[in-house]
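Worksheet for the structure shown next.
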Amino acid sequence: MIRRPGAVVRLWWMQAAVKHRRRRPDVHFASSLSAGSETFQPSSCLKMAQSILDAMPGASTGTVQVSDPLNFWGGQRVKPKQEKNAEPVFEPATGRVLCQMVPCGSQEVDEAIESANSAYLKWRKMAGMERARVMLEAARIIREKREKIAKLEVINNGKSITEALVDIDIAWQCIEYYAGLAGALAGQHVQLPGGAFAYTRREPLGVCVGIGAWNYPFQIAAWKSAPALACGNAMVFKPSPFTPVTAVILAEIYKEAGVPDGLFCVVQGGAETGTILCQHPKVAKVSFTGSVPTGKKVMEVSAKGVKQVTLELGGKSPLIIFKDCDLENAVRGALMANFLTQGQVCCNGTRVFVQKDIMPQFLEKVVKRTEAILVGDPLLDGTRMGALITKPHLEKVLGFVSQAKLQGARVLCGGEPFVPSDPKLKNGYFMSPCVLDNCRDDMTCVKEEIFGPVMSVLPFDTEEEVIKRANNTTFGLASGVFTRDVSRAHRVAENLEAGTCFINNYNISPVEVPFGGYKMSGFGRENGQVTIEYYSQLKTVVVEMGDVDNYF
């Protein structure tokens with residue numbers, strides 16, 4: 001989600017020259033809702049969205065508070081029916097409360113799905129080119145507002161503004177790409193004996209549910225909605241309860257672009273809301289990005305209604321660096337494979353296998369580069385690593401480092417809580433990026449997904465050995481190889497048990513190519529033309545031009 005650079009390559013160290021104007025005044029952004037108001041009128045809804053985004057150029061870390069309703073269906077934001085179960089959402093960089101997330105219950109989910117179904121019945125009748133025009137307009141609006149959306153994403157998620165800007169670019173690129181496919185959906189014609197013939201039609205599924213992760217909130221919402229809408233479906237999207245803010249901005253952009261009211265709905269909530277969505281009888285498909293345990297639950301609940309499911313789950317991906325590699329590029333690849341979004345990326349190559357001959361040189365270079373990573377205020381252009389998503393998650397990641405040391409690993413750098421010099425960041429969820437040496441395959445830090453900025457480096461001798469060790473995991477999301485030997489590169493890629501293999505790069509995933517996992521990393525694919533198959537169904541029509549054969 002992502003974790004995955006798109007057609008605009010996410011080379012964050014090359015983005016430093018990008019300048020973004022910022023102003024200092026401290027501002028508090030809050031909506032003025034009347035206590036009895038259940039929904040906004042569409043005009044006020046758009047005005048409110050505009051006010052939030054327009055305020056972003058003047059926003060700085062620790063100055064934003066959101067009190068607008070975060071649900072969206074029927075073409076407007078919808079206030080929660082009751083707020084007794086509100087959960088605080090924290091700004092990762094400061095630890096301040098950013099907003100309150102109120103989970104949706106059965107009644108609200110029903111309303112959202114009914115709204116989506118009504119919109120679907122209109123949208124599916126539109127020609128592909130008509131759908132494409134609306135989607136292209138949505139992509140244009142995102143491009144126009146990219147810096148404002150990126151800033152809000154940073155405040156909600158904690159990643160650096162440099163990364164967030166590229167995430168937003170990937171979002172509009174994805175919508176633009178699937179707009180191009182919307183008008184090209186076609187079936188097959190088959191000539192049969194006697195003048196008869198058959199043809200196939202690719203038809204939409206209906207109401208699809210997208211369940212997003214917190215590491216790429218806006219981008220994942222686009223990744224799931226774009227192919228769904230291109231195929232003629234509607235979508236009800238549930239963001240992570242940790243990052244509820246920006247998905248509703250995408251909903252408003254789709255409305256502004258001209259989709260039927262309700263075509264893209266947003267419902268807030270956690271596990272209970274997700275269960276209600278997955279078991280709803282009017283939902284045809286569920287696409288989930290997240291952890292393996294939650295993915296299993298999504299699959300179990302969805303199976304009761306025989307719904308189509310796409311799962312993009314966790315990983316513990318290997319990055320293999322052979323002695324004949326371009327060492328400088330291999331070091332860059334290892335940094336990209338471990339430290340994007342504070343290491344909170346499911347396809348990260350966190351098991352870095354380095355051939356023994358070059359281990360000393362690799363460690364020297366990678367530690368030097370890691371120690372130079374600037375951790376701090378994610379809204380500042382020079383920052384390369386922001387804050388982890390929550391305090392409990394930070395503590396969990398630090399716990400992995402402590403356990404690794406107890407099991408014999410050596411910390412070459414980082415792995416400690418980090419307090420930036422800016423006083424407003426003193427309660428943020430920061431840590432220094434970590435490189436672990438002297439690791440073994442049986443260590444917890446090597447076997448389990450850490451989901452933080454922790455690189456485990458392991459030595460190897462031979463190609464055969466490292467392939468066997470690389471595949472010795474229940475995961476299979478991604479993998480990487482650095483070598484100058486083209487034959488070896490393709491040979492190793494063929495034998496690695498992973499849905500993606502990066503050769504002489506890492507974490508490059510354009511929207512034009514499919515992404516997904518093997519084994520417990522999930523099934524189904526996102527991005528690329530093949531994803532059309534996961535958001536549509538095939539109908540066969542057989543036509544007889546003569547008399548009907550009859551055996552009776």
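Taken together, the values in this text are just the output of simple stated rules run on the coordinates, not laboratory data. Note that the structure is predicted; figures quoted are calculated from it, not measured. Counting neighbours? That spans all protein chains shown, and the Cβs are built from the backbone with ideal geometry, glycine included.
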Q.
At 222 nm, what value in deg cm²/dmol follows for the chain if DSSP H runs of at least 4 each add -39500 (n - 2.57) and the sum is divided by all its residues, to the nearest 500?
A. -11000 deg cm²/dmol
Q: Post the alpha-carbon centroid distance, the range 66-123 to the range 307-364, in whole angstrom.
A: 37
**Q.** Charge dipole (debye, nearest 20) of the range 37-312; +1 at Cβ of Lys and Arg, -1 at Cβ of Asp and Glu
**A.** 580
**Q.** Estimated inter-spin distance, Arg124 and Glu144, nm [label 7 Å along Cα→Cβ]
**A.** 3.2
Q: Pull up the cross-link candidates among the lysines for Lys145, meaning alpha carbon to alpha carbon under 18 Å and not fewer than 8 places away within one chain.
A: Lys19, Lys47, Lys255
Q | Selection from Val306, Thr273, Ala213 lying farthest towards where the dipole of the range 37-312 points positive, charges on Cβ | A | Val306
Q | Residue-span extension gain [Val530 to Asn329] - 0.36 nm each, minus C-alpha spacing | A | 69.3 nm
Q) If each residue's Cβ is checked for other Cβ atoms within 10 Å, how do Ile467, Ile532 rank with the fewest at the top? A) Ile532, Ile467
Q. Hey, with R₀ at 56 Å, roughly what FRET efficiency would Thr474 and Ala196 work out to, going by the Cβ-Cβ distance, to 0.05?
A. 0.70
Q: Would you work out which of Gly476, Leu363, Val541 lies farthest towards the positive end of the dipole of the chain, given +1 charges on the beta-carbon of Lys and Arg and -1 on that of Asp and Glu, about the Cα centre?
A: Leu363
**Q.** Qualifying lysines (Cα of each under 20 Å from Cα of Lys365; at least 8 residues distant if same chain)
**A.** Lys323, Lys356
Q. Roughly how many Å is it from the Cα centre of the range 456-526 to that of the range 237-300, as a whole number?
A. 30
Q: Would you mind ranking Phe353, Phe418 so that the residue whose beta carbon has the fewest other beta carbons within 10 Å leads the list?
A: Phe418, Phe353
Q) How much length is gained on full extension from Glu494 to Asp422, taking 0.36 nm per residue of separation minus their Cα-Cα distance? A) 21.1 nm
Q) Assigning unit charges at the beta carbon (Lys, Arg +1; Asp, Glu -1) and nothing else, what dipole magnitude in debye, to the nearest 20, does the chain show about its Cα centre? A) 740
Q: Show the residues, 5+ positions off or on another chain, whose built amide H is closer than 5 Å to the amide H of Asp68.
A: Ser31
Q.
Only four residue types carry charge here, +1 at the Cβ of Lys and Arg and -1 at the Cβ of Asp and Glu. Report the dipole size of the range 364-505 about the Cα centre in Debye, rounded to the nearest 20.
A. 320
Q.
Order 141-154, 165-178, 270-283 from most to least packed using the mean count of other Cβ atoms within 10 Å.
A. 165-178, 141-154, 270-283
**Q.** Proximal charge balance of Val435 [Cβ under 15 Å; K/R count +1, D/E count -1]
**A.** +3
